[in-house]
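Bear in mind that the values in this text are calculations on the coordinates, not laboratory data. In this text the structure is predicted, and so the values were computed from the model without any measurement. Reconstructed Cβ throughout: ideal geometry from the backbone, glycine too, with neighbour counts over all protein chains shown.
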Amino acid sequence: MKKKTVFSVLLLCLLCTSCVTVPKTTKLSEFPLMYEEQISSILILPPMNETTAADAKEYYATTIQEPLTYSGYYVFPYPVTSEILQMEGIYDSELLMNTPLSKFREFFGADAVLFTRIKKWDMSYVVIDSNLTVSVECQLKSTSTNRVLWAYDGTVTVNLSGGGSSTGHILGDLIAKAITTAINSAMADYVPYARKANYLAISSLPYGKYHPQHTKDKQMEIIDQTPQPQEEAASESATTGESAVQASE
Amino acid sequence: MIRYTFLAVVLLCTMSIGCTTTQKQYYFGEYSDTLYDFEKNRTEDTLLEHKQQLEHIVAESKDKNLNVPPGIYAELGYIYMRQNNAKQAAELFSKEAELYPESRQFMDRLIRQSDKTKI
């Protein structure tokens, strides 16, 4: 029992330090347009899938609405809007990337739309090691000015061979263990890690009007994801560790 | 000694929470889980389970004195609409619009649409 406590203390220390050793910036200096435009409603567009996992799109889509809502925005119900978009012939968000977004303001009354791109949703095997990686790119664009208001990535890499506390999350560990027993990658449950990746990305989003800290988070520190050549090399070596949260482009 | 360890754990927990999470202003229950189950396997059963979860979120939010999260009334209304219960659907869409004025435009559209499906 005591051993476990000490272990969790160590783990928590590790978590805390991982919070502070990377290049930092503030929400205001990174996303000034968020404070300028003061959007209050967000429409989630169907995720774009760059991976070979065909089901990633539908599964990943189920993980976005909740954290986005907690950030203080009115988020249109994705299961409803995605179906309506599909009826309107919109299924591939890639085609919307460079088009005027005012139609989403007219149709839904949305202030902004969220583009998401799944970059990684896979397992990699190195000798006896297996790593599960989920990586997503998010971009919020204004429907009145078409400007990019916010863009951030979330990546979670979990080593599944160790079986130990690799995620720092009790539930995550249990799932990781379950996956280790059924090492078949097709059976792997990516969604808990997708939630975590999302959570990492969305934590940098300035709070919306339904959040108690709305407009008070300008100086809040976030990890600077602007590519820095040395940092990228560092984060690559980090993936060989037990768990790595990358800040790469 | 054990007491100190315990304290340290609590302290560290608070610190790491301060690092990452925000105050819970909504109750979402098992929303993401039942939605994921439905996406994995679209059947009457998984839809029913998700619908019950939405109803549970509405009830529990009221119990906890919280606002029903954005989109929950609307999603529930949409399920009723698909099940040809236009009256219940319209009521729920109106509730969403009252609680979240941002949704008014879209909810009015859905109310018009559910009127059309009425037999």
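Just tell me how shielded A:100-107 is by partners: mean number of partner chain Cβ atoms within 10 Å of each residue's Cβ, no decimals.
Counting Cβ atoms of other protein chains within 10 Å of each residue's Cβ and averaging gives 1.
What pairs in A:Lys196/B:Lys40; A:Lys216/B:Lys24; A:Lys24/B:Lys24; A:Lys141/A:Lys218; A:Lys209/B:Lys64; A:Lys196/B:Lys95 have C-alpha atoms more than 24 Å from each other? Let's see the in-between values first.
Numbers: A:Lys196/B:Lys40 19 Å; A:Lys216/B:Lys24 17 Å; A:Lys24/B:Lys24 26 Å; A:Lys141/A:Lys218 19 Å; A:Lys209/B:Lys64 21 Å; A:Lys196/B:Lys95 32 Å.
From A:Lys196/B:Lys40; A:Lys216/B:Lys24; A:Lys24/B:Lys24; A:Lys141/A:Lys218; A:Lys209/B:Lys64; A:Lys196/B:Lys95, over 24 Å: A:Lys24/B:Lys24; A:Lys196/B:Lys95.
Excluding residues on the same chain fewer than 8 positions from B:Lys116, give the lysines whose Cα lies under 16 Å from its Cα.
Within reach: B:Lys87.
How many partner chain Cβ atoms sit within 10 Å of a residue's Cβ in peptide A:69-78, on average, as a whole number? Display every interim value, and only then the final one.
Numbers: counts 8, 8, 1, 3, 2, 9, 6, 8, 14, 3.
Counting Cβ atoms of other protein chains within 10 Å of each residue's Cβ and averaging gives 6.
Quick check: net charge around A:Asp111, other residues with Cβ under 14 Å of its Cβ, Lys/Arg +1 and Asp/Glu -1?
On the way: positive: A:Lys103, A:Arg105, A:Lys141, A:Arg147, A:Lys209, B:Arg104; negative: A:Glu36, A:Glu37, A:Glu106, B:Glu102.
So the environment of A:Asp111 carries a net charge of +2.
Rounded to the nearest whole Å³, what is the per residue volume of the convex hull around the Cα atoms of segment A:88-152?
Enclosed volume per residue, from the Cα hull, is 102 Å³.
Going through segment A:77-142, which GluC sites (Glu not before Pro) have at most 13 other Cβ atoms within 10 Å and a DSSP loop state? Numbers along the way, then the final one.
Numbers: sites: A:Glu83, A:Glu88, A:Glu94, A:Glu106, A:Glu137; in loops: A:Glu88.
Taking segment A:77-142 and a limit of 13 other Cβ atoms within 10 Å, the loop GluC sites (Glu not before Pro) found are A:Glu88.
Once segment A:53-163 is represented by equal point scatterers at the alpha-carbon sites, with solvent omitted, what log10 I(q)/I(0) does the Debye formula produce at q = 0.12, 0.22 Å⁻¹?
For the requested q values the scattering log ratios are -0.51, -1.38.
Divide, for segment A:50-98, the radius of gyration over alpha carbons by 2.2 N^0.38 Å, where N is the residue count.
Cα Rg divided by the expected 2.2 N^0.38 Å: 1.27.
Work through the residues other than A:Leu149 whose Cβ is under 9 Å from its Cβ and net out their charges, Lys, Arg +1 and Asp, Glu -1.
For residues surrounding A:Leu149, the net value is 0.
To the nearest 20 Debye, how big is the dipole of segment A:92-154 about its Cα centre, given +1 on the beta carbon of each Lys and Arg and -1 on that of each Asp and Glu?
With Lys and Arg at +1 and Asp and Glu at -1, about 240 debye.
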